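Novice: My structure is below; once you've seen it, I'll send some questions.
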Amino acid sequence: MASFPDSVNENDIGKAKFIGELLVPAAPFDQKSGREAWTVAFAPNGSYFAWSQGHRIVRLVPWTKCLNNFSVGHGEESTNASSPRHLARRNSNECQVVPAAGQPPEHTIDCGDIVWGLAFGSSVPEKQSRCVNIEWHRFKFGQDQLLLATGLNNGRIKIWDVYTGKLLLNLMDHTDVVRDLTFAPDGSLMLVSASRDKTLRVWDLKDDGNMVKVLRGHQNWVYCSAFSPDSSILCSVGAGKSVFLWNMDKFTMIRKLEGHHHDVVSCEFSPDGALLATASYDTRVIVWDHHKATVLLELGHLFPPPSPIFAGGANDRWVRSVSFCPDGRHIASVTDDRLVRFWSIEERAPLAIAPLSNGLCCAFSAQGSVLATGTRDGSVHFWECPRSIASLQHMCRMALRRVMTTQQVEALAIPTPLRDYLTYKVI
């Protein structure tokens, strides 16, 4: 069994550049368990980074300060290879420094229970709530509002003001662990929670956190959910082989995607909404055209790949997390074989790899130049994403696919090679 196909020489694969790490304080012996960083998250505007560092604690750190500490850039997200780089090994206790005037503050949030899910949300004043009597609401979110949702072990969801660290809402309806949270990208402050109680619940924070709908269909735990960039489609995955797609205007199921052979644990849409990446314990990441329910690309982590009957067995190649880079051309995956892999959608072999022990989750920064990975000991490691200049063709394809589905593209009177390129049949 190997991590790469025979046609690929591991020595020829690039090595991802390590930038730095955020460490948790040393813990007493009786607190060694429960320190997992189940989730890492970047604010949509790039202002904050958050991670669950175990024992009920969530850390909120200004992302600019992290970059400065890691000597990556000077207040901006920059990874100039020619600049001197001094890798910083930062302890999270150092985040108690009082910020200078005008700098965003850091926060340590005690959520009261183990934190499984994190999500940032920001409001757009022009985006109307689905609730009619909005003038009666307790909270009136402004343009500068930035919220953090935390999903807890006891089934509760707590909503915090990122800038003040104050608790705003306490949502209670789930009957088991809230495993994942995701906000609609359109600024409506619509929040979806995925739980071990086999349901997804939709909350309207502009309606004081009232629950809008319960989405049922999963037969077991729900691990992860993700919105499409236009907020019209929700993908959810869980302890089963199916990938669920939901219409978020009607709150109805669109279809199931079948192709995985074991539990599907992570999912994310591409920035243009044309592709969907899902990660599974069957050792694969599948890239789908979710509009047509077809598989476009399979990224394997075990060779030869296990047959379907053995795909659910114990192995050290379970894929724990997958993330789409904002450039639409790269994907990152975290697996149990102690590696982080950076993929290009144009290749079936990794573009770069990096060592990572006990990795659990990953997320790209808002600009896509840095990948954050959370581990079982509560620490976070940061890696520089492989960079290359996107072709004008790819940028035009992304612009078009943001507003057109696969079926709409196929209906265009254009040459077949161009149609295949725009629908990602030819990457």
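The values are calculated or read from the model by the stated rules, or taken from the named source; none is laboratory data. Given the structure is predicted, the values throughout are model-derived calculations rather than measurements. Neighbour counts run over all protein chains shown; Cβ positions are idealised from the backbone, glycine included. Note: accessible area is taken over every heavy atom of the protein model, side chains too, but ligands, DNA and RNA are not part of it. Shrake-Rupley method; radii C 1.70, N 1.55, O 1.52, S 1.80 Å.
Novice: May I ask you to list pairs of residues, at least six apart or on different chains, whose Cβ atoms are under 7 Å apart, with the first in the stretch 356-379 being within 14 Å of ILE331 (Cα to Cα) and the second being hydroxyl-bearing (Ser, Thr, Tyr) and surrounded by fewer than 21 Cβ atoms within 10 Å (Cβ to Cβ)?
Specialist: So the pair list comes out as SER369/THR79.
Novice: Considering only residues that are in contact (Cβ under 8 Å) with a residue 60 or more places away in the chain and not in a helix (DSSP H, G or I), look in the stretch 386-404 and name the one that is most open to solvent (accessible area, probe 1.4 Å).
Specialist: ARG387
Novice: Identify all residues within the stretch 357-368 that are hydroxyl-bearing (Ser, Thr, Tyr) and either surrounded by 21 or more Cβ atoms within 10 Å (Cβ to Cβ) or part of a strand (DSSP E or B) (or both); write none if there are none. I'd like the intermediate steps shown before the answer.
Specialist: Going through the stretch 357-368, the residues hydroxyl-bearing (Ser, Thr, Tyr) turn out to be 357, 365.
Within the stretch 357-368, SER365 is the sole residue that qualifies.
Novice: From the residues in the stretch 253-298 that are more than 22 Å from ARG329 (Cβ to Cβ) and of a type in the set (Asp, Glu), which one is least open to solvent (accessible area, probe 1.4 Å)?
Specialist: So, considering only residues that are more than 22 Å from ARG329 (Cβ to Cβ) and of a type in the set (Asp, Glu), the one least open to solvent (accessible area, probe 1.4 Å) is ASP282.
Novice: Oh, and also: When the residues of the stretch 197-213 are narrowed to those that are more than 13 Å from VAL237 (Cα to Cα) and without any contact (Cβ under 8 Å) to a residue 40 or more places away in the chain, which ends up least open to solvent (accessible area, probe 1.4 Å)? Even if it seems obvious, please write down each step before you answer.
Specialist: Restricting attention to the stretch 197-213, the residues satisfying the condition of being more than 13 Å from VAL237 (Cα to Cα) are 197, 201-213.
Among the residues that remain, those that are also without any contact (Cβ under 8 Å) to a residue 40 or more places away in the chain are: 201, 213.
Numbers: ARG201: 21, LYS213: 86 Å².
Out of the qualifying residues, it is ARG201.
Novice: Since ALA411 meets every condition but one in (1) closer than 22 Å to GLU298 by Cα; (2) open to solvent by 10 Å² or more (accessible area, probe 1.4 Å); (3) aliphatic (A, V, I, L, M), which condition does it not meet?
Specialist: Of the numbered conditions (1) closer than 22 Å to GLU298 by Cα; (2) open to solvent by 10 Å² or more (accessible area, probe 1.4 Å); (3) aliphatic (A, V, I, L, M), the odd one out for ALA411 is (1).
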